[in-house]
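Below you'll find the structure, written out as structure tokens, and then a few comments.
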Amino acid sequence: MLAQGNTPPPTRANADTGGMQEVGVAQAPSGSSSWTIVLARPTSSEAGAAERLLQNIRTFGAEPEARLETRRGKPLVVLGRYASPDDDRARRELDRLRTKVIDGQAIFASAFLMPPPDESLHGSNAVWDLRNVRQRFGADALYTLQIGVYTRLDGRAPSASDLAQFRAAAEQAVARLRADGEQAFYHHGPGASTITVGVFSEADHDPAGGFDSPRLEEAREQHPNNLVNGQGFNETLRTDSGQSVRRLQRSQLVAIPDR
């Protein structure tokens, strides 16, 4: 068995199929179209938990401008509105929050920048967007095969320009695949854009029994590797005996997201 060593930064792709039927510092924007800093999320789903957490952060945390935002149906306590992750004010504010100490505790040490709601990441073609697959194909649409990702490899946060390039490259790659008859999709995330092919269900993949359908195996044969920025990516893996093995990163079966 191989254990993965060094790989590109994690991404979430984190599709149509023959087996399933379709069913300078910029001025900060206002509203939910902006980047924002997440301070905390409620640990309980009981009524009023989010409001109590917000009031605690406003008073005990001394952040009176904190507010609640809902993302994918879940409340978050957030602060600030910024045009992009490169906004100098956003970086300064994030540093301030992460190092803020109250009663000996860095209470916002895990604060992070969050991009605008997913709707702004849907790209130019809703039919090609992986987020829309379950709505179109139903609840049985569980998996897709990730065959490419566009991202930075130096560990730095992508700039707004980087993200625009990643998204454009992913959509162009999907267009080429579809022109060749492939059932391809893109997924735009806050730090990368991924490319996938196929829509697969429980009947195609049984992780407990180690079963993959002929259709899934065929997709893997056609797309054996997960390309990084359009090229094969060499990764180092370690065997159970401790030996290091270099190989091209393989395509990966990933979950289809719930929008």
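Before moving on, here are some points about what is shown:
- Of all residues in segment 155-203 being out of contact with any strand residue (DSSP E or B) (no Cβ under 6 Å at 6 or more places or on another chain) and among the basic types (Lys, Arg), the one that is farthest from Arg250 (Cα to Cα): Arg156
- Restricted to segment 54-87, and to residues there that are farther than 16 Å from Arg98 by Cα and among the β-branched types (Val, Ile, Thr), the residue that is modelled with the highest pLDDT is Thr59.
- Yes/no for Arg58 being of a type in the set (D, E, K, R) and within 20 Å of the chain's Cα centre (by Cα): no
- Within segment 208-250, the residues that satisfy the criterion of being surrounded by 15 or more Cβ atoms within 10 Å (Cβ to Cβ) and closer than 18 Å to Gly189 by Cβ are Asn226, Leu227, Val228, Asn229, Phe233, Gln249.
- Scanning segment 55-92 for residues that are under 23 Å from Gln105 (Cβ atoms) and among the small types (Gly, Ala, Ser) turns up Gly61, Ala62, Ala66, Gly80.
- Unique residue being of a type outside the set (Gly, Ala, Ser) and within 29 Å of Phe112 (Cα to Cα) when the list is Leu177, Leu253, Leu237: Leu253
- Qualifying residue in segment 218-226 (condition: within 21 Å of Ala192 (Cβ to Cβ) and among the acidic types (Asp, Glu)): no
- Leu145, sole failed condition from (1) part of a strand (DSSP E or B); (2) in contact with a Pro (Cβ under 7 Å, 6 or more places away or on another chain); (3) crowded, with 20+ Cβ neighbours inside 10 Å: (2)
- Taking the criterion of being in a helix (DSSP H, G or I) and under 16 Å from the mean Cα position of the chain (by Cα), no residue of segment 178-189 qualifies.
- Check on Gln27, modelled with pLDDT under 55 and touching a strand residue (DSSP E or B) at 6+ places or on another chain (Cβ under 6 Å): no
- Single residue of segment 171-189 satisfying the filter (surrounded by fewer than 17 Cβ atoms within 10 Å (Cβ to Cβ) and not polar (S, T, N, Q)) that is nearest to Phe137 (Cα to Cα): Gly181
- Boolean, Phe166 is assigned to a helix (DSSP H, G or I) and either in contact with a Leu (Cβ under 9 Å, 6 or more places away or on another chain) or at pLDDT 90 or above (or both): yes
- Sole residue being over 24 Å from Ser34 (Cβ atoms), aliphatic (A, V, I, L, M) and either assigned by TED's automatic domain parsing to the domain that holds Arg41 or in a loop (DSSP other than H, G, I, E, B) (or both), chosen from Ala175, Ala139, Ala157, Ala109: Ala139
The values are calculated or read from the model by the stated rules, or taken from the named source; none is laboratory data. Because the structure is predicted, anything quoted here is derived from the model rather than measured. No Cβ is skipped: glycine too gets one built from the backbone with ideal geometry, and neighbour counts run over all protein chains shown.
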